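Inspection log for the structure reproduced underneath, given as structure tokens.
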Amino acid sequence: MSRLNYRHLYYFWQVAASGNLTRTAEQLHISQSALSTQIRSLEDGLDCQLFNRSGRKLVLTEAGQQAVRFAEDIFHRGEELEVLLRQGISSSNKRLRIGTTSHMSRNFIEEFIDPAMQDPGASIALISDNQNKLLDDLTRHQLDVVLTNVNIDVNDSAVWQIQLLSRQPVTIVCPPALATASFDQHPWVLPSRKHGIRGEFDAFCLRHGLTPRLKAEVDDMAMLRLMARDSQAFAVLPRVVVRDELANGILVEREALSRVDERFYAITVERIFQPKLLDVLLNRYQ
């Protein structure tokens, strides 16, 4: 019989994730002393030390870091199995749960899901939230994929699989009435400084000696699209965001920002039963 107690391993995993014994005990609804005892039992059973203890501070040992990697895989697989058994293998292949950040271009999302929308037997759920919440849901297999235009750092404990889907050029657009107007004569609506392209635009301004008269800063790309369309102002955003407005002549393109692009990523986690429909969507960008 295996010496490994999976309840003890789960408690260890939760403490390692939070880095705080007291907080983890509260979340697990057990006493701190009981939690500490469980972890010591795990260490005794494995005959190795998983944490170095310095007062109330717990620091993973080298063995503890290795154990965390295995624990993540074990419990992520367990969560995947639970979702799979509840929903059924056949149904999971035709239903996708897609998380999207609020910064994402609606036009790009529509392009991404188009094959699913054309499949009579497929259904999708689009969930918009902040990136940290979406990634947490992804690790718990509550989502199949997260779409974002904000890259994430990958460290040794990360479980993400990141695929670059597209690079979209960034451009300056305006209503036709401003097609020949000077950049200094009219206001600007710009992405907030949370967006990487804002820094690129600031560098563009520095190179050209331009001091834009700021009218509005916008986090959400859908809102920036509306403001670009409805205000008498210049705007900076990925071309894909205003694709329809450019095609219909509602907006015109003044100048593409050289060597500046918006990058769209798909983030997944390794799964045994990857929905076939997700493979169809992702393979289009390879």
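Restricting attention to the chain, close to 60% of DSSP beta bridges with both partner residues there are antiparallel.
When the helices of the chain are scored as -39500 (n - 2.57) per DSSP H run of n ≥ 4 and the total is divided over every residue, the value at 222 nm lands at -13500 deg cm²/dmol. Were the residues from A177 through T139 laid out at 0.36 nm apart, the gain over their Cα-Cα distance would be 8.8 nm. 3J(HN,Hα) along the range 163-173: 10, 6, 8, 7, 10, 10, x, 9, 9, 9, 10 Hz, from the Karplus curve 6.51 cos²θ - 1.76 cosθ + 1.60 with θ = phi - 60°, whole Hz, x for Gly and Pro. Kirkwood analysis of the range 6-85, using all unique Cα-Cα pairs, places the hydrodynamic radius at 13.0 Å. The GNM of the chain, with springs linking C-alpha atoms under 10 angstrom apart, assigns the highest mean-square fluctuation among K215, K276, K57 to K57.
Taking amide H atoms as placed 1.01 Å from N in the peptide plane, the amide H of Q142 has no partner under 5 Å among residues 5 or more positions away or on other chains.
Across q = 0.09, 0.11 Å⁻¹, the chain modelled as identical point scatterers on its alpha-carbon atoms has Debye log10 I(q)/I(0) values of -0.60, -0.79, in the order of the q list.
Overall, the chain carries a charge dipole of about 280 debye about its Cα centre when +1 sits on the Cβ of Lys and Arg and -1 on the Cβ of Asp and Glu, all other atoms neutral. Listed by chain and number, the aspartates and glutamates whose alpha-carbon sits under 12 Å from that of K194, ignoring those within fewer than 8 places in the same chain, are E217, D219, D220.
Coordinate-derived values only; no laboratory data. All figures in this text were calculated on a predicted structure; none of them were measured in a lab. Every residue, glycine among them, receives a Cβ derived from its backbone with ideal geometry; neighbour counts consider all protein chains shown.
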